[in-house]
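The values are calculated or read from the model by the stated rules, or taken from the named source; none is laboratory data. Note that the structure is predicted; figures quoted are calculated from it, not measured. Note that we place each Cβ from the backbone using ideal geometry, even for glycine, and neighbour counts take in every protein chain shown.
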Amino acid sequence: MSKFHRMVSLERTPEEKAEERLANSYPTPIADMPDVPYGLCINLTEVELAKLGLDLECDVGDMVHLFCMARVTGISKTDTASGCKCNVNLAITDMAVEDEDEEEAA
């Protein structure tokens, strides 16, 4: 694998949402589609939050900076009429978190 050089946004643009909606015949209006694809979302319970030292008082919209290690658990490649489709499954094994809002305020 290559080295990590910079952070890039994985949020879908309105154009990407429109393209996905058409390709998959989604009845959902583009405005109601999530900005981040389902497979990029993770869920942390109070158990993981406690291990990470994050307080439970965070609000929707707060930003946190993640540093993590993940193990590749699966790789899938399929040749289709529209080109090669690739999927890499990752399992996050180690993580550190810092409050980005507090960092910006300092």
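For the reader, a short list of remarks on this structure follows.
- The set of residues from the stretch 62-106 being closer than 30 Å to GLU19 by Cα and among the small types (Gly, Ala, Ser) comprises ALA70, GLY74, SER76, ALA81, SER82, GLY83, ALA91.
- Once the stretch 7-18 is narrowed to residues that are surrounded by 13 or more Cβ atoms within 10 Å (Cβ to Cβ) and either in contact (Cβ under 8 Å) with a residue 12 or more places away in the chain or over 20 Å from ASN87 (Cβ atoms) (or both), the residue that is nearest to the chain's Cα centre (by Cα) is ARG12.
- Where ALA18 falls short, out of the listed (1) of a type in the set (Gly, Ala, Ser); (2) assigned by TED's automatic domain parsing to the domain that holds ALA105; (3) at pLDDT below 85: (2)
- For the residues ILE75, ILE42, the requirement of being β-branched (Val, Ile, Thr), assigned to a loop (DSSP other than H, G, I, E, B) and modelled with pLDDT of 85 or more singles out ILE42.
This table checks each residue for (1) loosely packed, with under 10 Cβ neighbours inside 10 Å; (2) among the aliphatic types (A, V, I, L, M).
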| site | (1), (2) |
| --- | --- |
| GLU20 | no, no |
| PRO27 | yes, no |
| ALA31 | yes, yes |
| LEU56 | yes, yes |
| SER76 | yes, no |
| CYS84 | yes, no |
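- Checked against (1) outside any loop (DSSP other than H, G, I, E, B); (2) at pLDDT below 85, PRO34 passes all but a single condition, namely (1).
- Test: THR78 is hydroxyl-bearing (Ser, Thr, Tyr) and over 17 Å from the mean Cα position of the chain (by Cα): yes
- Tally, over the stretch 35-61, of residues that are within 30 Å of GLU19 (Cβ to Cβ) and not hydrophobic (A, V, I, L, M, F, W, C): 6
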